[in-house]
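Presented below is the structure to which this report refers.
The values are calculated or read from the model by the stated rules, or taken from the named source; none is laboratory data. Note that the structure is predicted; figures quoted are calculated from it, not measured. Cβ coordinates were reconstructed from backbone atoms using ideal geometry, including for glycine residues, and neighbour counts include every protein chain displayed.
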Amino acid sequence: MPTLQQLDEVFRLLPDEPTGPVKRVGPQYDKKRPARNNAEAEKPAWWRAAWDKLFKPAPRSNTGNVNTLRNGDRALIVAVNDSGNTGWVRFGRCGFEGVAMV
């Protein structure tokens, strides 16, 4: 495992992590929603509205980068191999002094 001094040297060389919403790129995000079947289309509008209200998640408010403490401003992934077993350890640098705890 790297020492704190080695991590500090690497963090100084790394660029800042991107901020803002996550960009979902790739074929898994290009899937179209399946068309509703006839039974679903026959239901009245009030029923669909009630169903959507109950089972659709509420939209998240975007109040800046809320994952700053979790992700940090810079990140490093280290692979550790122990007798053929590979483990991945993610190190992140974050400043706790810049985020209010309450």
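To keep it simple, each residue is scored yes or no on (1) more than 19 Å from residue 78 (Cβ to Cβ); (2) assigned to a loop (DSSP other than H, G, I, E, B); (3) modelled with pLDDT of 80 or more.
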| site | (1), (2), (3) |
| --- | --- |
| 1 | no, yes, no |
| 8 | no, no, yes |
| 12 | no, no, yes |
| 20 | yes, yes, no |
| 34 | yes, yes, no |
| 41 | yes, no, no |
| 48 | yes, no, no |
| 53 | yes, no, no |
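In region 59-77, is there at least one residue being modelled with pLDDT of 75 or more and surrounded by fewer than 10 Cβ atoms within 10 Å (Cβ to Cβ)?
Taking every residue of region 59-77 in turn, at least one turns out to be modelled with pLDDT of 75 or more and surrounded by fewer than 10 Cβ atoms within 10 Å (Cβ to Cβ).
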